[in-house]
Amino acid sequence: MRVLLQLRPSPDVVAAVADPSVSTAAADVADPLPGVVVDPSFSPVVVPRPVPGAGGDPLSLNQPLTFSFAADEASVLVRGEISDDETSTRITLLPTLRPDVVGVFADPMIERGLTCGGTPPVGDWRDVERLLRVAELSGDGLDGSGVALAVLDTGINSAHVARHLGRDVTVDERRSWKPSGVQGRAGEFPVDHGTMCAFDALIAAPRASLIDVPVLLSRRPGGSALDGLLSDAVAAFAHLRTVLEAQPAASRSLVVSNSWGSFSPSWDFPVGHPGNYSDNPAHPFNLIVSSLERAGADVLFAAGNCGRDCPDGRCAYPDRPITGANSHPRVLSIGGVDTRGERVGYSSQGPGRLVARKPDLCAYTHFSGSRAFGDDEADSGTSAACPVTAGLVAAVRTRWPSSRLSPAQLRTLLRRTADDRSDIGFDHDHGYGVVDAAGILASLRRRAERAL
């Protein structure tokens with residue numbers, strides 16, 4: 001089975017891996033490890049060390065943290081394979097046999113989130129455009145101009161998106177990224193799930209610059225149930241950090257839309273195992289998500305399609321299906337409602353596994369839009385709701401970069417202005433409510449007036 005190995009090599013090696021101008025390979029980081037076949041196709045990734053405030057817990061993601069990339073504090077991830085019949089032995093022995101092995105973690109399979117539905121669309125993307133007050137957003141100069149919007153999915157077909165939106169689409173090929181072995185150019189991938197996500201993100205942010213990250217195309221046939229793709233998401237997030245840090249600090253903005261997740265505990269180590277992903281804040285991917293948010297990125301994840309009314313057929317968690325980074329306290333976890341404001345039955349309910357108060361919000365889904373799956377098929381699932389919200393966030397970022405409104409402040413703003421759908425505030429069906437663009441606009445205008 002495939003695993004992620006967290007190593008602490010010498011500081012000069014860590015510094016080389018952290019330097020984007022230096023090309024490093026797994027062989028530069030990992031000496032031969034007993035019983036492990038290191039994957040040479042996976043470029044090493046630096047994992048920053050979380051640094052809590054005084055008296056804080058470095059493994060708690062729900063508190064203020066800074067992240068150190070210092071060569072004598074950070075560690076490095078490589079990908080490897082361990083024989084299935086020796087898994088438990090190797091996982092236990094490696095950190096004791098080799099002092100440079102920090103930990104061995106699950107590399108679970110991740111998949112796009114389709115709906116279990118089959119019901120016809122409810123409204124179309126023009127209804128979503130109206131509900132998101134796109135004309136008013138544009139009138140306030142909030143159209144996504146200059147904002148980088150990364151879509152981590154199956155790749156984007158920009159010609160299809162442009163044709164059905166009726167406007168030009170910008171894909172930033174230079175800042176896009178793909179896993180090793182994936183063929184194709186940014187913006188020219190076959191029409192599929194990622195094209196739907198790109199279309200839906202551009203409803204509210206038509207002038208955003210798309211970063212195409214086809215992380216879900218790196219499928220590998222065969223292997224065990226843990227032969228997955230999270231390692232490629234780790235590498236993608238590391239790339240996005242270089243994208244973010246290359247931007248001027250005063251105008252920094254990066255929105256990251258993730259319409260995928262892990263559906264089954266059979267793809268993971270058991271809860272409580274140190275290599276577990278679903279419930280483990282110390283998993284390297286969960287730490288990397290934190291560090292990217294801390295650097296100024298807005299990270300959004302679909303809540304998933306494991307709602308009790310109509311769960312996706314792959315859903316195998318008996319309860320609390322919002323797992324891993326989809327339930328991260330520093331991301332927006334997005335559930336789904338239709339254009340009438342009714343919760344769709346497949347939208348996953350909380351509590352989440354890393355933090356209980358998930359999902360954060362609901363947004364619009366199950367509408368006629370991209371036609372990525374046919375003229376009569378809806379853009380559906382929380383897979384559509386997530387990029388719809390990411391587009392709204394990108395629109396805000398046009399004039400409100402992270403230096404002016406931090407990701408944490410923006411999450412608070414979206415939660416506080418949401419249209420509450422319960423009698424008690426937060427609930428595990430809708431989170432804090434349905435995104436309310438009118439409330440967001442009103443709040444931003446008040447902030448701007450106070451700044452004068």
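Observations on the model:
- Residue match in segment 386-401 (condition: of a type in the set (V, I, T) and open to solvent by 10 Å² or more (accessible area, probe 1.4 Å)): yes
- Annotation: of all residues in segment 147-179 being farther than 26 Å from V134 by Cβ and touching a strand residue (DSSP E or B) at 6+ places or on another chain (Cβ under 8 Å), the one that is surrounded by the fewest Cβ atoms within 10 Å (Cβ to Cβ) is E173.
- Summed over segment 61-99, residues that are part of a strand (DSSP E or B) and either at pLDDT 75 or above or in contact with a Phe, Trp or Tyr (Cβ under 6 Å, 6 or more places away or on another chain) (or both) total 11.
- Residues that are farther than 24 Å from G433 by Cβ and either assigned to a loop (DSSP other than H, G, I, E, B) or among the β-branched types (V, I, T) (or both), drawn from segment 366-397: S370, R371, A372, F373, G374, D375, D376, E377
- Looking across V182, V191, one residue alone is surrounded by fewer than 21 Cβ atoms within 10 Å (Cβ to Cβ), part of a loop (DSSP other than H, G, I, E, B) and in contact with a Leu (Cβ under 8 Å, 6 or more places away or on another chain). It is V182.
- Selected residue (criterion: most open to solvent (accessible area, probe 1.4 Å)) from residues of segment 407-426 that are farther than 19 Å from F301 by Cβ, not basic (K, R) and not in a helix (DSSP H, G or I): D423
- Residue check for A135: over 25 Å from H239 (Cα atoms), without any contact (Cβ under 8 Å) to a residue 24 or more places away in the chain and open to solvent by less than 40 Å² (accessible area, probe 1.4 Å): no
- A Cβ distance below 8 Å, combined with a sequence gap of six or more or placement on separate chains, defines the contacts here; from segment 420-443, residues that are closer than 15 Å to L131 by Cα reach residues that are loosely packed, with under 15 Cβ neighbours inside 10 Å and of a type in the set (D, E) in the pairs A437/E136; A438/E136; L441/E136.
- A single member of D338, D298, D312 is in contact with a Pro (Cβ under 7 Å, 6 or more places away or on another chain), closer than 21 Å to S257 by Cα and either in contact (Cβ under 8 Å) with a residue 40 or more places away in the chain or not basic (K, R) (or both), and it is D298.
- Residues satisfying the stated conditions in segment 16-32, i.e. open to solvent by less than 50 Å² (accessible area, probe 1.4 Å) and over 26 Å from the mean Cα position of the chain (by Cα): A16, V29, A30
- Complete set of residues in segment 427-449 that are open to solvent by less than 40 Å² (accessible area, probe 1.4 Å) and among the charged types (D, E, K, R): D427
- Lone qualifier among A238, A246 - being free of Cβ contacts under 8 Å to residues at least 40 places away in the same chain, surrounded by fewer than 24 Cβ atoms within 10 Å (Cβ to Cβ) and closer than 15 Å to I211 by Cβ: A246
- Scanning segment 276-311 for residues that are more than 18 Å from the chain's Cα centre (by Cα) and open to solvent by 20 Å² or more (accessible area, probe 1.4 Å) yields R308, D309, C310, P311.
- Flag if S266 is in contact (Cβ under 8 Å) with a residue 12 or more places away in the chain, open to solvent by 20 Å² or more (accessible area, probe 1.4 Å) and in a helix (DSSP H, G or I): yes
- Residue among G103, G35, G118 that alone is open to solvent by less than 20 Å² (accessible area, probe 1.4 Å), of a type outside the set (V, I, T) and at pLDDT below 90: G103
- Within the span defined as segment 314-322, one or more residues are surrounded by 23 or more Cβ atoms within 10 Å (Cβ to Cβ), at pLDDT 95 or above and not polar (S, T, N, Q).
- On inspection, P329 does not qualify as modelled with pLDDT under 95, open to solvent by 10 Å² or more (accessible area, probe 1.4 Å) and of a type outside the set (A, V, I, L, M).
- Among residues that are open to solvent by 30 Å² or more (accessible area, probe 1.4 Å), part of a loop (DSSP other than H, G, I, E, B), closer than 22 Å to I322 by Cβ and of a type in the set (K, R), R404 is not included.
- Condition met for N305 (at pLDDT below 95 and among the polar types (S, T, N, Q)): yes
- Test: G345 is open to solvent by 10 Å² or more (accessible area, probe 1.4 Å), among the small types (G, A, S) and out of contact with any strand residue (DSSP E or B) (no Cβ under 8 Å at 6 or more places or on another chain): yes
- Residue check, I440 in a loop (DSSP other than H, G, I, E, B), at negative phi and among the β-branched types (V, I, T): no
The values are calculated or read from the model by the stated rules, or taken from the named source; none is laboratory data. All values derive from a computational prediction rather than experimental measurement. Cβ atoms come from the backbone with ideal geometry, glycine included; neighbour counts cover every protein chain shown. In case anyone asks, the SASA skips ligands and DNA or RNA and just uses the protein heavy atoms, side chains included. Shrake-Rupley method; radii C 1.70, N 1.55, O 1.52, S 1.80 Å.
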